[in-house]
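The values are calculated or read from the model by the stated rules, or taken from the named source; none is laboratory data. All values reported here derive from a predicted model rather than from experimental measurement. Cβ placement follows ideal geometry from the backbone for every residue including glycine, while neighbour counts extend to all protein chains displayed.
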Amino acid sequence: MNPTTAAGDRYARVIEASKRIRWDIDRDVIRGRNFDFTRKFLPDGISKIDRLGFLGADDRRLLGQIQGRTYANMFGLVERFIGAKMLDISRDHWLGDQTAVEALVRFTDEELKHQELFRRIERMVAEGMPAGYRFLPQPNEVAGLVLGKSTWAVLALTCHIELFVLSHYRSSIDPDGELSELYKDVFLYHWKEESQHAILDELEWRREDAKLMPEQRDQAVTDLIELVAAVDGMLQAQAAADAGYFLGVCRGPYSPEQSQRVREGVLHAYRWQYIVSGVEEPRFQGILGSLISKAQGRRIGEALAPIMAGAYH
Ligand SMILES: [Fe+2]
Ligand SMILES: [Fe+2]
C-alpha cells in the first residue's frame, strides 16, 4: 500500500500518537501507590450495583471491587488473542507498507505491556481482598478457541472490545470522582493506548473484509456469532464464580431470594459490560453495518436477542 493513501496516512498518525502518549507501568501508572479499598473501583454505570438496592454500603463496595478485579483480569485475558492476531495480520504488510508494520508491532507491544499491567493489578488487588476469588478463563485456552475462527470475526470481536473500552472510560470512569485513584489511572492510561488500537482495528477489519467472497463473509458472520456465544458462556461461569465468592465473604445476611438476585445481577452486569455496551456502540454499529447484508444483520440480531434480554441496559 502506498503510504500517501488515506489508510497509509492513518497508520502514520497512529504511530505518532502512540509515540507521544507511550507510558511505563511503574513510572506513570502505579507510581508506588496501592489500591484504596475504602473507595470504589468501578463506577456504578459499569458495575450496575445500583440495581441491587438491598445491599449494605460495605457490601456494595465489595461487590463493585470484585467486579473491578474481574474487569482488569478480563482485559488481560482478551489481550492475549488480540496481540497474537495483530502480530499474525502484520504479515500482510511485512514486505509492503512499513508504516503499517510499525503501527501493528507497536499495537502488539502495547498489548504485551497491558497484560503485564493487569497481572500486576491482580496481584495487588489480591493482597487487599479475602482469599477465595478465582478468575476462571485461561488466556491461552481462550486464545486457541478465538484464533481458530476467521480473521474477519476475530477483528470484529476485537474492534467491539476496544470500542467499549473507550466508551466505558469516557462515559463512566473519567467523570467519577469517587474511585480509587490508582484504579482510575489504570484505565486512564489503558484508554490512551486503546484509542489507537480502535483505529487500527477498523483499518484491518475493512482490509480483511475487502478480501472476502460473499460466502466467506457469511461464514465469518457465523464465526462471529459463535464467538459471542463463547464469550457469553465465559461470562456465565465467571459471574457465577464472582457472585459465589461475594456471597461467601460479604457481611449480609441475605435471603435466598436476595442471593439469587445477586447472582443474576452480576451476570446481567457482565453481559452489559462485555457484550451489550459494545454492540450498542454507534461506531461499532456503523462499521459492522457497512460490511454486512441486512440478512446477516438479522442473523446477528437473533443470536444476540437472548443475551440482550438477560442483560442490564
Ligand atoms: Fe489493551
Ligand atoms: Fe488494545
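So the values come out like this:
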| item | result |
| --- | --- |
| From ASP218, ASP232, ASP209, residue being out of contact with any Ser or Thr (no Cβ under 8 Å at 6 or more places or on another chain), modelled with pLDDT of 95 or more, under 20 Å from ALA309 (Cβ atoms) and among the acidic types (Asp, Glu) | ASP232 |
| Test: residue in region 287-299 that is under 18 Å from the mean Cα position of the chain (by Cα) and free of Cβ contacts under 8 Å to residues at least 60 places away in the same chain | no |
| Leading residue by the ranking (farthest from GLN273 (Cα to Cα)) among those in region 168-203 that are away from ligand 2 (no atom under 14 Å from the Cβ) and among the polar types (S, T, N, Q) | SER180 |
| Helices (runs of 4 or more DSSP H) contained entirely in region 4-119, each with at least 3 residues that are closer than 25 Å to GLY252 by Cβ and away from ligand 2 (no atom under 16 Å from the Cβ) | 44-47, 57-89 |
| Of residues in region 92-151 being closer than 21 Å to GLU16 by Cβ and more than 16 Å from ligand 1 (Cβ to nearest atom), the one farthest from the chain's Cα centre (by Cα) | GLY96 |
| Pairs, first over 24 Å from LEU62 (Cβ atoms) in region 180-200, second β-branched (Val, Ile, Thr), C-beta under 7 Å, six or more apart | TYR189/VAL29; TRP191/VAL165; LYS192/ILE21; GLU193/ILE21; GLU194/VAL165; GLN196/VAL14; ILE199/VAL14; LEU200/VAL14 |
| Filter result (of a type in the set (Asp, Glu), in contact (Cβ under 8 Å) with a residue 12 or more places away in the chain and surrounded by fewer than 19 Cβ atoms within 10 Å (Cβ to Cβ)) within region 203-218 | ASP218 |
| Per-region count, region 177-192, residues in a helix (DSSP H, G or I) and either closer than 17 Å to PHE107 by Cα or of a type in the set (A, V, I, L, M, F, W, C) (or both) | 8 |
| ILE199, sole failed condition from (1) in contact with a Phe, Trp or Tyr (Cβ under 8 Å, 6 or more places away or on another chain); (2) in a helix (DSSP H, G or I); (3) of a type outside the set (S, T, N, Q); (4) surrounded by fewer than 21 Cβ atoms within 10 Å (Cβ to Cβ) | (1) |
| Counted residues, region 264-292 - those being surrounded by fewer than 17 Cβ atoms within 10 Å (Cβ to Cβ) and within 21 Å of ALA229 (Cα to Cα) | 4 |
| Test result for VAL249, more than 16 Å from ligand 1 (Cβ to nearest atom), out of contact with any strand residue (DSSP E or B) (no Cβ under 7 Å at 6 or more places or on another chain) and either β-branched (Val, Ile, Thr) or free of Cβ contacts under 8 Å to residues at least 60 places away in the same chain (or both) | yes |
| Conditions (1) within 15 Å of the chain's Cα centre (by Cα); (2) within 27 Å of THR38 (Cα to Cα); (3) within 15 Å of ligand 1 (Cβ to nearest atom): number failed by ASP185 | (1) |
| Condition check for LEU235: within 16 Å of ligand 2 (Cβ to nearest atom) and among the aliphatic types (A, V, I, L, M) | no |
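Quick grid of which residues meet (1) assigned to a helix (DSSP H, G or I); (2) within 14 Å of ligand 1 (Cβ to nearest atom); (3) surrounded by 19 or more Cβ atoms within 10 Å (Cβ to Cβ); (4) basic (Lys, Arg):
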residue	(1), (2), (3), (4)
LEU163	yes, yes, yes, no
ARG170	yes, no, no, yes
PRO175	no, no, no, no
SER195	yes, yes, no, no
